[in-house]
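The values are calculated or read from the model by the stated rules, or taken from the named source; none is laboratory data. All values reported here derive from a predicted model rather than from experimental measurement. Every residue, glycine as well, gets a Cβ built from its backbone with ideal geometry; the counts of neighbours run over all protein chains shown. Heavy atoms of the whole protein, side chains included, go into the accessibility calculation; ligands, DNA and RNA do not. Shrake-Rupley method; radii C 1.70, N 1.55, O 1.52, S 1.80 Å.
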Amino acid sequence: IDNWLAPVSCGVTTTNDGWDPVTPPANDDAGISGVSSPSGNYCTNTFDPIVTLRNYGANTLTSVTINYDIDGGTNNTFSWTGTLASGSNVDVTLPTMTTTAGAHTFNVSTSTPNTVADSNPANDDAASNYNATIGGELITLTLDTDCWGYETAWQILDVSNAVVQEGGNLSVVPGGNQGANSGDPGAYSDESTITESFCLAVGCYDLIVYDDWGDGMNGTGCPIDGFYELTDASSN
């Protein structure tokens, strides 16, 4: 297992900081194992946080304080009560929050499980990144790749030609270079469907799809042609 414990071959042959998988859990240990919301892109200034509360402890969890904020700002608290068995999860919807426009980080943590100090604070915290475009429109890009998915990239440009969204194998931009390969970062798989959703401020944009070989989305030499479309929240 030295490939994982000493991947850079630095000469280490032992470790003193191991983990015993049969060590029993602490008595009162709660934490956040995931954040469902907020995540991704929002076109409004409000959202309902949804977090997954996990009982890591041996005792049944009957109460816990959930602390949460945006970008480390004002702390909000929510007092959860219920019955959560050891090793179980429950999704908790927190009160609606208001956000400003732009990129943000939602932070959440737990404290005082069963009204006592948490036995293991290391698993209390979680965070999720999101982006809000107040008053924008939710846009969905659907792109089907042809037989050479790694040749494809796309960009959406605003009226000043600034890139506001992009994806695929961006090494091919502006297209026609014929130097791409399937191992490039962001490269799409062959004959696959990619769906991207994002929020754009109301305005005019250009969608540009690039092809590394210069033959577009035509399945030249194979039976699969590529396809792409942009739709708004009303499927227009």
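A few notes on this one:
- Scanning the range 177-204 for residues that are β-branched (Val, Ile, Thr) and assigned to a loop (DSSP other than H, G, I, E, B) yields a single hit, Val202.
- Considering residues of the range 199-216 that are farther than 18 Å from Asp144 by Cα and open to solvent by less than 30 Å² (accessible area, probe 1.4 Å) only, the residue farthest from the chain's Cα centre (by Cα): Leu200
- Applying the criterion of at least 1 residues that are more than 23 Å from Pro24 (Cα to Cα), among the charged types (D, E, K, R) and out of contact with any Phe, Trp or Tyr (no Cβ under 7 Å at 6 or more places or on another chain) to the strands (runs of 3 or more DSSP E) found wholly in the range 83-162 leaves 89-93, 137-144.
- Verdict on Ser79 being assigned to a strand (DSSP E or B), more than 30 Å from Ala180 (Cα to Cα), open to solvent by 30 Å² or more (accessible area, probe 1.4 Å) and not basic (Lys, Arg): yes
- Pairs meeting the criteria (first residue in the range 196-212 and closer than 15 Å to Gly186 by Cβ, second residue of a type in the set (A, V, I, L, M) and open to solvent by 40 Å² or more (accessible area, probe 1.4 Å), beta carbons under 7 Å, at least 6 apart or on different chains) are Tyr210/Val173.
- Restricting Glu229, Glu137 to those that are charged (D, E, K, R), closer than 27 Å to Phe106 by Cβ and open to solvent by 40 Å² or more (accessible area, probe 1.4 Å) reduces the list to Glu137.
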